[in-house]
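Derivation of every value follows stated rules applied to the coordinates shown; laboratory data play no part. These numbers were taken from a predicted model, which means no experiment stands behind them. Reconstructed Cβ throughout: ideal geometry from the backbone, glycine too, with neighbour counts over all protein chains shown.
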Amino acid sequence: MGEGQADGLLIMPRDWDAYYRKNDWPTEPVLVVRRFGPLIPEGPVLDLAGGQGRNAVFLAKLGHRVTLLEKSEVALARVQELKRQSGLALEPLSADLELLKPDLPSGSFAGIVQSYFVQRRLLARLPELLMPGGLLLVEGFTQREAKRRGRRSPRYWHDGELKDALPTLQLLAYDEGWIAEAYRVWAVWQKPKPG
Ligand SMILES: C[S@@+](CC[C@H](N)C(=O)[O-])C[C@H]1O[C@@H](n2cnc3c(N)ncnc32)[C@H](O)[C@@H]1O
């Protein structure tokens, strides 16, 4: 499927249900989750557009209850199956995170993951969902990667964008560069504790 235009914005290029039916997807968690997931304090975790659960499974194995929001029914069924087989504390929920104001679970999370899903409005709402001391982990491709792929799309982070994206949180770690042939960026923020 080609990239399309909707409301003046380029929409997601893929029919993810069809994509997941036909293709394998990595089961290893992404870099920022491997490195910083173990530092998430005790408590529930929210995985946004969590796909087939590669990050959620890793975090659930660390002892977190993980709520995974996702639009693809194929991916949600896969996570449900993983939950059944493993007994891990996974809660896959259907959600459209492209809505102007998507329904997000209330409560405060010890960790939030947004991996390879660029939604700036959503990112801006995440600080309020974090508990003090909680970590937000984001990883994705940048415009440099879009250029390498010959694409023009807002669904890639701008160069340096994440560094200043969330001024109410403390940026603990940030890096970008060529990893596994693609230009990627990742960032880790912490919600300050009061006082
Ligand atoms: C590149 S994949 C990343 C999946 C996962 N975060 C990971 O790193 O494995 C993008 C995911 O976003 C999901 N997605 C796309 N549009 C969405 C929407 N409007 N609401 C929720 N999820 C969406 C897709 O179904 C897909 O699973």
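What GluC sites (Glu not before Pro) in the stretch 62-105 are in a loop by DSSP, with at most 10 other Cβ atoms within 10 Å of the Cβ?
Those that pass, being in a loop and sparsely packed, number zero.
For 79, 188, 113, which order do you get if you count the other beta carbons within 10 Å of each Cβ and list the fewest first?
188, 79, 113
Arrange the following residues from fewest to most other Cβ atoms within 10 Å of their Cβ: 94, 108.
In order of increasing Cβ crowding within 10 Å: 94, 108.
Can you work out D for the stretch 40-84 in µm² s⁻¹ from Stokes-Einstein, where Rh is the Kirkwood radius over C-alpha pairs, the temperature is 37 °C and the viscosity is 0.692 mPa s?
This corresponds to a translational diffusion coefficient of 314 µm²/s.
I'd like the per residue volume of the convex hull spanned by the Cα atoms of the stretch 4-190, given in cubic angstrom.
Hull volume normalised by residue count: 119 Å³.
In the chain, what percentage of the DSSP-assigned beta bridges are antiparallel, given to the nearest 5?
About 45 percent, rounded to the nearest 5.
For the stretch 100-195, just the Cα atoms, rotate onto the principal axes and tell me the three extents in Å, largest first.
Cα extents, longest axis first: 45, 29, 20 Å.
State to the nearest 20 debye the size of the charge dipole of the chain about its Cα centre, where the only charges are +1 on K and R beta carbons and -1 on D and E beta carbons.
220 debye
If neighbour count is taken as other Cβ atoms inside 10 Å, put 40, 179 in order from fewest to most.
Going from sparsest to densest Cβ surroundings: 179, 40.
Would you list, by chain and number, the lysines whose Cα falls below 29 Å from the Cα of residue 71, excluding same-chain residues fewer than 8 positions away?
22, 61, 83, 101, 147, 163, 191
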